[in-house]
Amino acid sequence: MEKSMSMAPLLLMVLCLPFALGWHDYNQALSKSILFFEAQRSGYLPHNQRVTWRANSGLNDGKASGVDLVGGYYDAGDNVKFGLPMAFTITMMSWSIIEYGKPMAANGELGHAMEAVKWGTDYLIKAHPEPYVLYGEVGDGNTDHYCWQRPEDMTTDRHAYKIDPSNPGSDLAGETAAAMAAASIVFRRSNPAYSSELLHHAYQLFDFADKYRGKYDSSITVAQKYYRSVSGYNDELLWAAAWLYQASNNQYYLNYLGKNGDSMGGTGWAMTEFGWDVKYAGVQTLVAKFLMQGKAGMHAPVFERYHQKAEHFMCSLIGKGTRNVQKTPGGLMFRQRWNNMQFVTSASFLATVYSDYLASSRGALRCAAGNVAPTQLLSFAKSQVDYLLGDNPRGTSYMVGYGNNFPRQVHHRGSSIVSIKVNSKFIACRQGYAAWYTRKASDPNVLTGAVVGGPDAYDNFADERDNYEQTEPATYNNAPLLGILARLGSGHSGYNQLLP
């Protein structure tokens, strides 16, 4: 009797929790998350720009180095253009479109998604003026973080940093090759000339990355404090090879994956994370796909080892592996306090596509705890997205502008300062901190669609502008989300992901 008595209030509490009700408009969330990229644009804004509180910025980027580097994306809440996360963002947006372009088209968002990719690839083309030269950063985090200014008012140093044969950066060049290759698939039908131009750049960049090996942050040292390459460059070389094979069907890249899988860690690293720095789980997922498609040939034994590691990753997500990912009490995957949401969206994307690959091959996921139906992976991804959109102990949506309760004090220069179109008066470097950063009021501009860093390990979150670990958004948080939202919005798969 005592037991059932103590269970009653608990049951009542569960029924009353805001996150016990979960219905989400994934199509609306998709539209908003694509819109966020327009707020992050640098350069001359187009006539069809929908985020109207932004204006042109960074119009002299690259000029001092004799190269045109106008355009591209600001990575997060600051005004620096960082090449490694930007390229990863483009790769993941492209992968989202490659897998789930059909439901995006049905939702009327495919055109916007492709424009978001092209805004990035147009810049990456400019950043690669010669076969063995790639510009990997414009501006530097130190001077930028000293100032709190709208991008339109920027007075900070806009030095451009590059890699070349004597200052290599295989991780940066490899990821950029992957981005160009993935995007070439996106534009293959609608813009064949542009598609082949992207593939040409991808070939050159892979050659550069492979021939002149080194970590990019040893060459572009100003990136170390912000985007240090902890995993090295082997994962990016394999990742680029996988994307080049997918884009070109060129056997050279398949052989590269087969010959180097063991020595470069593709078959050795059992991962529980995936993001702009660590690509192994992404490589393993793609190679598992090639295996399921029957493309492995003589490399089947090596590809099977990649496949096992992909499954290790998937099993760890759903708590059925030998080493499972940590989760908050509310059920969110948790890896670190600073911008944890990037790992949530990236891992959820891999779970989504892998679920569809398995369903297409009529296979099951082989975990330490037994075989698992592919639908469990999709359910995991859905649970993470639902948490992000508000099904959590706080009832907070971590996507700005979605739902009623979302972050109002986002750590983002452009959204936290009055629009230049409303008040054109110049805001100086330190003045922005005094007048706008410390304000305890809501942002004057709503950064629609931005996914912020999110809660801590105990589901706690403080909506404060100076709490950058939790309230700063990033482009690479949103990019993988596009594919998952399109997939969830379509309701069911009904198509074979393994068909070319």
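The values are calculated or read from the model by the stated rules, or taken from the named source; none is laboratory data. Everything quoted here is computed from the prediction, not taken from an experiment. Here the Cβ is made from the backbone with ideal geometry for all residues, glycine too, and neighbour counts use every protein chain on show. Surface accessibility is based on the protein's heavy atoms, side chains included, excluding ligands, DNA and RNA. Shrake-Rupley method; radii C 1.70, N 1.55, O 1.52, S 1.80 Å.
A compact table of results
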{"item": "Volume per residue that the Cα convex hull of segment 101-150 spans, once the total is divided by residue count, Å³", "result": "133 Å³"}
{"item": "Entry for P(r) over Cα pairs in 10 Å bins from 0, in percent (calculated from the structure that is shown) out of [x] 4, 18, 28, 26, 16, 7, 2, 0, 0; [y] 4, 15, 20, 19, 16, 11, 8, 5, 2, 0, 0; [z] 4, 20, 31, 27, 13, 4, 1, 0, 0", "result": "[z]"}
{"item": "Computed helical MRE - 222 nm, the chain, DSSP H runs ≥ 4 contributing -39500 (n - 2.57), nearest 500", "result": "-15000 deg cm²/dmol"}
{"item": "Computed accessible area, W53, all protein chains, 1.4 angstrom probe, square angstrom", "result": "40 Å²"}
{"item": "For segment 54-102, radius of gyration divided by Kirkwood radius, i.e. Rg to Rh on alpha-carbons", "result": "1.09"}
{"item": "Per residue, the convex hull volume that the Cα atoms of segment 72-127 enclose (Å³)", "result": "76 Å³"}
{"item": "Probe 1.4 Å, accessible area per residue of segment 363-416, Å²", "result": "32 Å²"}
{"item": "Three semi-axes of the equivalent ellipsoid, segment 20-153, Cα gyration tensor, whole Å, largest first", "result": "28, 18, 14"}
{"item": "Under 13 Å, Cβ to Cβ, from K225 - net charge with Lys/Arg +1 and Asp/Glu -1", "result": "-4"}
{"item": "Mean separation of Cα contacts under 8 Å (6+ apart) over length of segment 81-180, as relative contact order %", "result": "39 percent"}
{"item": "D_trans [Stokes-Einstein, Kirkwood Rh over alpha-carbon pairs] for segment 318-422, 10 °C, 1.306 mPa s, µm² s⁻¹", "result": "101 µm²/s"}
{"item": "FRET efficiency, T143 to S379 (Cβ-Cβ, R0 41 Å, nearest 0.05)", "result": "0.35"}
{"item": "Sorted peptide list for 296-305, 225-234, criterion being average Cβ within 10 angstrom, highest first", "result": "225-234, 296-305"}
{"item": "Spin-label proximity, K421 to segment 437-462 - amide N less than 13 Å from point 7 Å beyond Cα toward beta carbon", "result": "445-446"}
{"item": "Calculated from backbone phi, Karplus (6.51, -1.76, 1.60) coupling profile of segment 309-322 in Hz, x at Gly/Pro", "result": "6, 4, 5, 4, 4, 4, 5, 5, 5, 9, x, 10, x, 8"}
{"item": "Peptides ranked, highest mean first, by Cβ atoms within 10 Å: ranges 181-192, 443-454, 479-490", "result": "479-490, 443-454, 181-192"}
{"item": "Cα→Cβ-extended label distance, 7 Å offset, between S263 and R430, nm", "result": "5.5 nm"}
{"item": "Mean Cβ neighbour count within 10 Å, used as a protection proxy, ranking 95-105, 462-472 highest first", "result": "95-105, 462-472"}
{"item": "Viscosity 0.890 mPa s, 25 °C: Kirkwood-radius Stokes-Einstein D of segment 355-417 over Cα pairs, µm²/s", "result": "171 µm²/s"}
{"item": "Cα gyration tensor shape of segment 137-205, rounded if a/c is under 1.5, else prolate or oblate by comparing a/b with b/c", "result": "oblate"}
{"item": "Accessible carbon and sulfur surface of the chain relative to its total accessible area, %, 1.4 Å", "result": "54 percent"}
{"item": "Rel. contact order, % - alpha carbon contacts under 8 angstrom, at least six apart, segment 225-281", "result": "38 percent"}
{"item": "Segment 376-500 - Rg over Rh from alpha carbon coordinates, Kirkwood radius", "result": "1.07"}
{"item": "Largest-first ordering by accessible area, 1.4 Å probe, given options R54, R430", "result": "R430, R54"}
{"item": "Relative contact order (%) - segment 126-278, alpha-carbon pairs under 8 angstrom, separation at least six", "result": "24 percent"}
